[in-house]
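Notes follow once the structure below has been shown.
Values in this text are rule-based calculations from the coordinates and carry no lab data. Every value quoted in this text rests on a predicted model; they were computed, and no experiment measured them. Cβ placement follows ideal geometry from the backbone for every residue including glycine, while neighbour counts extend to all protein chains displayed.
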Amino acid sequence: MQQKDKEKKRAKAFIGVTFSCCKVYTRIHINKQRDAYVGWCPKCCKKAIVKISPHGTKSRFFSAN
């Protein structure tokens, strides 16, 4: 299998975010640089950026104001 095929099949990392602006939950995905998770509220398009700390966290769910 070629490298590109392997990359396509690999699941893209995500975290769960509740956007309190519109009271909706969605997943946001890791960016290409792999240094932050980036996404938008599906209703009002407010942007959320969650930077990845070198120390990390075990949390997978967050709230964006």
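Observations on the model:
- Pairs, first within 14 Å of Ala64 (Cα to Cα) in region 27-43, second among the basic types (Lys, Arg), C-beta under 6 Å, six or more apart: Trp40/Lys47
- Within region 37-65, the set of residues being among the aromatic types (Phe, Trp, Tyr) and within 13 Å of Thr18 (Cβ to Cβ) comprises Phe61, Phe62.
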